[in-house]
Every structure is written in structure tokens, then in C-alpha cells.
Amino acid sequence: MNFSKGQYVRHPQKPDWGVGQIIEEIQETKVRVDFENAGKRKLDLAYVNLEPVPDSEAEKLRNRLAEKLRNRLLDPLAPHPTMNMDKVKSLCERFITEWQGSRKGYDDAGVAKEILADLSQFGRLKLATYKTLAKWCHTGGYFSGGIPIAQEISLAIFGRVIEREE
């Protein structure tokens, strides 16, 4: 099936990603989609049968995204209203357990500690902590093992995977 830029779709194997909008046609079989709960993803249509979203559902998504944008413009570092602090704490503790002492002389688990401290002290993340979390959500190489947990933390706090460019 051919998709065009701006079209709304759903990934049938990833319902938790929510509805996404095609933001780029990369090649004949590849597209970049911005999902409401999973951020931007490059997908190969040879392996994924995206489902088009009816116009009525797309309109609801546009309204939700507009509300999110208004809230983000007011305070982009504020947590999503549905943030569950127990879940954030559990994910951060898991991150600390997995990354503490992973490299001699570095505190790779420091971002999780700072997230907990910021939320406890300020009720939101400081800009430096936010930027570090965004890097962890999209890093590579040795640190790629931390991406899934970092993205889960981001989803738990902001209701979305934050982007590096935000």
C-alpha cells in the first residue's frame, strides 16, 4: 500500500505506539512516522503493514497533539499529568542497577539519579537532566543497551519518547 506524507497510520504489531503521522517518504518502501507514544520511527513497509487511520480518528489525534503542543510550549520540561512516580522510580532504579559502574571512572547511571532528584525537588526535570535523558533515548554503540529503559522512563514521565532536537 502506498502512503503519503501527512497521512495517519497505526502499526498493527505496536498498538502501544498509538497513532502516527507519516512525516517523510524515504524510499519506495520506507517511511518515517511520528507516533504519539513512541516518537519518530523509520519503518520498512516490506516488513510492516501499516494500517491507515480513519479521518474521524485522525481529527481526534490532531486535537490531542495540539493540546500536547500547547502544554509543551507552556512548560516543555513539565511531566505529563498522568505521570506515575512509582513507575518512574522503579524504571530509574532498574537503570541504575544495570548501568552503575559499567565504565570505570564514569557514572553512566547518573541520569537516573538526577531524574529522581529533580522530580523530588522541583516536580520537573532541569534542562541539563532533560537533555541527558534525550541523548540516552537515542544513543548508540556501547550505550545502545540503555535505550529501551531510557525510552520507558521518558514515556513514563512525558507520555512520549523525547527527541534530541527538542
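The values are calculated or read from the model by the stated rules, or taken from the named source; none is laboratory data. Everything numeric in this text was worked out from a predicted model, so none of it was measured. Using ideal geometry, Cβ is built from the backbone for each residue, glycine included, and neighbour counts are taken over all protein chains shown.
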Going through segment 93-116 one residue at a time, which ones are surrounded by 14 or more Cβ atoms within 10 Å (Cβ to Cβ) and basic (Lys, Arg)?
ARG94, LYS113
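So that you can scan it fast, the table gives a plain yes or no per residue for (1) among the aliphatic types (A, V, I, L, M); (2) within 18 Å of the chain's Cα centre (by Cα); (3) assigned to a helix (DSSP H, G or I):
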{"site": "LEU77", "(1), (2), (3)": "yes, yes, no"}
{"site": "SER90", "(1), (2), (3)": "no, yes, yes"}
{"site": "ILE96", "(1), (2), (3)": "yes, no, yes"}
{"site": "ARG103", "(1), (2), (3)": "no, no, no"}
{"site": "ALA112", "(1), (2), (3)": "yes, yes, yes"}
{"site": "SER120", "(1), (2), (3)": "no, no, yes"}
{"site": "ARG124", "(1), (2), (3)": "no, yes, no"}
Within segment 36-67, count every residue that is at pLDDT below 90, part of a strand (DSSP E or B) and under 13 Å from GLN7 (Cβ atoms).
0
For ARG72: the one exception among (1) under 15 Å from SER154 (Cα atoms); (2) out of contact with any Cys (no Cβ under 6 Å at 6 or more places or on another chain); (3) modelled with pLDDT of 85 or more:
(3)
